[in-house]
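The block underneath contains the structure these notes are about, expressed in structure tokens.
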């Protein structure tokens, strides 16, 4: 299970024990996490700083940053090699997320 926080971190939890096994951090500590999705070994995160980011689930390293919104990224969905993000700016964006492993 993944949770996001106002301190810009995402945490991975083992539900059975309540243990945090990994923490994902980004450079902008002022940006809160709004949404999180796991797909194919990648953790996708939407932030209040108008970006979405992709992290390797095992290493916690950031693999890619998606820029293009002018307000917070509120929702994201990954399917068929594409990342769909929606934002408070009213836009829906489609990104190529194929080849991310």
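At a glance:
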item: Per-region count, region 30-79, residues modelled with pLDDT under 90 and farther than 25 Å from residue 14 by Cβ; result: 2
item: Residue that is surrounded by the fewest Cβ atoms within 10 Å (Cβ to Cβ) [pool: residues in region 18-38 that are within 23 Å of residue 80 (Cβ to Cβ) and free of Cβ contacts under 8 Å to residues at least 40 places away in the same chain]; result: 38
item: Criterion (buried (at least 19 other Cβ atoms within 10 Å of the Cβ), more than 18 Å from residue 2 (Cα to Cα) and in contact with a strand residue (DSSP E or B) (Cβ under 8 Å, 6 or more places away or on another chain)) met by exactly one of 66, 44, 55; result: 66
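The values are calculated or read from the model by the stated rules, or taken from the named source; none is laboratory data. What you are looking at is a predicted structure, and each value in this text was computed from that prediction instead of being measured. Virtual Cβ from ideal backbone geometry, glycine too; neighbours counted across all protein chains shown.
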